[in-house]
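Heads up, the thing below is written out as structure tokens.
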Amino acid sequence: MSGPSLALDTPELARHYEAISRERQFKAGLELLASLRLRPGEQLLDIGCGTGLLATRAADTVGPTGAVIAIDPLATRIEIAQRRSRPNLTFAVGNAYVLDAFEPASFDVVYLNAVFHWLDDKPAALAQIHRVLRPGGRIGIATGSREHPGVLQRIREEVLARPEYAAYPLRGAAQRICAAELSALLAAAGFAAARIDIQPNEQVHADAEAAIAFAQASSFGNFLGHLPEPLRIRARDQIRVALDEQRQGSSIAQEGARLFAIALRA
Ligand SMILES: C[S@@+](CC[C@H](N)C(=O)[O-])C[C@H]1O[C@@H](n2cnc3c(N)ncnc32)[C@H](O)[C@@H]1O
């Protein structure tokens, strides 16, 4: 399985993400920032900043003597982020695998909120982060846990395993890992004292359609993006029906869990 496509996002998906992430990824991100114990004056790098809600909060936390650079490969998302102007906040199109624009040891903190599971070459990204963090600097990661897949992920896999979709190589699924794997990756990349917490992540959606729209926007179009349009529509319908069958009460509850990791650059 290869990594997600960065060519499937649209302005509509970016706008939808901006609207829905405030109650979801943003709240998890606030917990991540709290665990990082940000201090005034610190220099931060937000990798995969999306539409920039969390980076804005981080910029306010480190104050006028600190600064946040926030990057994301999707121009659609950066365009929305750039409307959040702050003197100590810079948004730019950029990629976790290419941090050459930054000097070695130039950040106190690097964080990735709801991004790490989208990286198919995690050691390469961690090597880049290690280079730009100062010794003793902190890395913070909040990411989905592979051991706790939500119902929508399971249904997506079941539907896409059907013969009509099998000819299209599955790509773009989030590549979640478990806590032990994350701990090993951090150690191998030269990070020490990793603390990893697993926390429940229950997401409630008004209906199956809303749950699918959330997945589409959060995956920047990768949820079913590998399929040609007629098949995509059919798969979406089948997923919606299967999800509705699992409905309990008036809404769809997606159980799951997030990993929160904080580690130090040795
Ligand atoms: C679910 S969103 C999270 C956005 C934001 N961090 C937040 O908390 O709302 C995942 C983000 O990861 C970004 N992403 C995917 N691949 C990336 C890569 N190779 N480097 C940096 N960011 C990446 C996507 O563009 C997308 O904006």
In segment 8-22, which residue that is within 11 Å of the ligand (Cβ to nearest atom) and either among the aliphatic types (A, V, I, L, M) or in a helix (DSSP H, G or I) (or both) is surrounded by the fewest Cβ atoms within 10 Å (Cβ to Cβ)? Arg22
Any residue in segment 181-203 that is part of a strand (DSSP E or B) and open to solvent by 40 Å² or more (accessible area, probe 1.4 Å) sitting within a Cβ distance under 6 Å of a residue that is aromatic (Phe, Trp, Tyr) and at pLDDT 95 or above? List the pairs, counting only those 6 or more apart or interchain. Asp197/Phe260
Please verify whether Leu74 is more than 22 Å from Arg195 (Cα to Cα), within 12 Å of the ligand (Cβ to nearest atom), within 17 Å of the chain's Cα centre (by Cα) and not polar (S, T, N, Q), treating the condition exactly as stated. yes
Under 8 Å between Cβ atoms, which residue pairs at least 6 apart in sequence (or on different chains) link something in segment 146-168 that is under 20 Å from Ser218 (Cα atoms) with a partner that is of a type in the set (Lys, Arg) and surrounded by 18 or more Cβ atoms within 10 Å (Cβ to Cβ)? Arg146/Arg176; Pro149/Arg176
For Ala208, all conditions in the list (1) open to solvent by less than 20 Å² (accessible area, probe 1.4 Å); (2) out of contact with any strand residue (DSSP E or B) (no Cβ under 9 Å at 6 or more places or on another chain) hold save one; what is the number of the exception? (2)
Please enumerate the residues belonging to segment 25-57 that are open to solvent by 50 Å² or more (accessible area, probe 1.4 Å) and either near the ligand (Cβ under 9 Å from one of its atoms) or of a type in the set (A, V, I, L, M, F, W, C) (or both). Leu30, Ala34
If I go through segment 204-232 residue by residue, how many of them are closer than 21 Å to Arg146 by Cα and assigned to a helix (DSSP H, G or I)? 7
Can you name the residue in segment 58-70 that is closer than 21 Å to Asn95 by Cα and open to solvent by 20 Å² or more (accessible area, probe 1.4 Å) and is also nearest to the ligand (Cβ to nearest atom) among such residues? Ile69
Step by step: first the residues of segment 137-175, then only those that are farther than 26 Å from Arg37 by Cβ and within 15 Å of the ligand (Cβ to nearest atom), then the one that is nearest to the chain's Cα centre (by Cα). Which residue is that? Ala174
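The values are calculated or read from the model by the stated rules, or taken from the named source; none is laboratory data. These numbers come from a predicted model, not from an experiment. Virtual Cβ from ideal backbone geometry, glycine too; neighbours counted across all protein chains shown. The accessibility values were calculated without ligands, DNA or RNA, using every heavy atom of the protein model including side chains. Shrake-Rupley method; radii C 1.70, N 1.55, O 1.52, S 1.80 Å.
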